[in-house]
1. Starting from the stretch 11-35, take each residue that is on the phi < 0 side of the Ramachandran plot and of a type in the set (Lys, Arg) and list its partners that are at pLDDT 95 or above and surrounded by fewer than 18 Cβ atoms within 10 Å (Cβ to Cβ), counting only C-beta distances under 9 angstrom and pairs at least six apart or across chains.
2. Go through 127, 109 for me and flag whichever is at pLDDT 95 or above and within 23 Å of residue 4 (Cα to Cα).
3. Out of the residues in the stretch 20-44 meeting the condition of being over 16 Å from residue 136 (Cα atoms) and β-branched (Val, Ile, Thr), tell me which one is surrounded by the most Cβ atoms within 10 Å (Cβ to Cβ).
4. Find the residue count for the stretch 21-38, including only residues that are part of a strand (DSSP E or B) and acidic (Asp, Glu).
5. Could you go through the stretch 54-63 and let me know if any residue there is assigned to a strand (DSSP E or B), at pLDDT 95 or above and either more than 22 Å from residue 113 (Cα to Cα) or of a type outside the set (Asp, Glu) (or both).
6. Going through 4, 51 one at a time, which residue ends up being touching a Leu at 6+ places or on another chain (Cβ under 8 Å), closer than 21 Å to residue 122 by Cβ and surrounded by 15 or more Cβ atoms within 10 Å (Cβ to Cβ)?
7. Can you tell me which residue among 90, 81 is at positive phi and of a type outside the set (Asp, Glu)?
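The values are calculated or read from the model by the stated rules, or taken from the named source; none is laboratory data. In this text, all values refer to a predicted model and were calculated from it rather than measured experimentally. Ideal geometry is used to build each Cβ from the backbone, glycine not excepted, and the neighbour counts take in all protein chains shown.
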Amino acid sequence: MEKVIIYTDGACSGNPGPGGWGSILMYKDNKKEISGGLENTTNNVMELTAVIEALKLLKFPCEVELYSDSAYVVNAFNQNWIYGWLKNGWKNSSKEPVKNKELWEELYNLSKIHKIQFIKVKGHANNEYNNRCDELARNAIK
């Protein structure tokens, strides 16, 4: 299985407000940057969108190291929240409907295609790729 490294970030000016996302995909010696935004969105929607859009570019099942500074995204998989939500009909532990359900469903479906390791990075720290994703996301807001 081919190995791909992905860094993602989402940003919002106000929450909700105008938002942007950025992702960097690295495969062998290739590096691809993608980004986009929405006029009225939330930080979490942008974080999820960055991950989904990056994974959608993969043309075949891959082993993915996915780096995100979003505890929301990383913990949903690493702490098995998403499997609980699925089991409970997309209700969270408080029996409330899970926010951003459509995005979570899309990400869950992508996670069944690829072998994804979700890795939490510290935001706005000295990580070149996370900082670049933040820059891509912020530029996409304008």
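1. 32/26; 32/57
2. Exactly one of 127, 109 is at pLDDT 95 or above and within 23 Å of residue 4 (Cα to Cα), namely 109.
3. That would be 41.
4. Residues in the stretch 21-38 being part of a strand (DSSP E or B) and acidic (Asp, Glu): 1 in total.
5. yes
6. 51
7. 90
Matching residues to (1) surrounded by 19 or more Cβ atoms within 10 Å (Cβ to Cβ); (2) within 21 Å of residue 15 (Cβ to Cβ):
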site: 47; (1), (2): yes, yes
site: 57; (1), (2): no, no
site: 72; (1), (2): no, yes
site: 92; (1), (2): no, yes
site: 101; (1), (2): no, yes
site: 131; (1), (2): no, yes
site: 136; (1), (2): yes, yes
site: 141; (1), (2): yes, yes
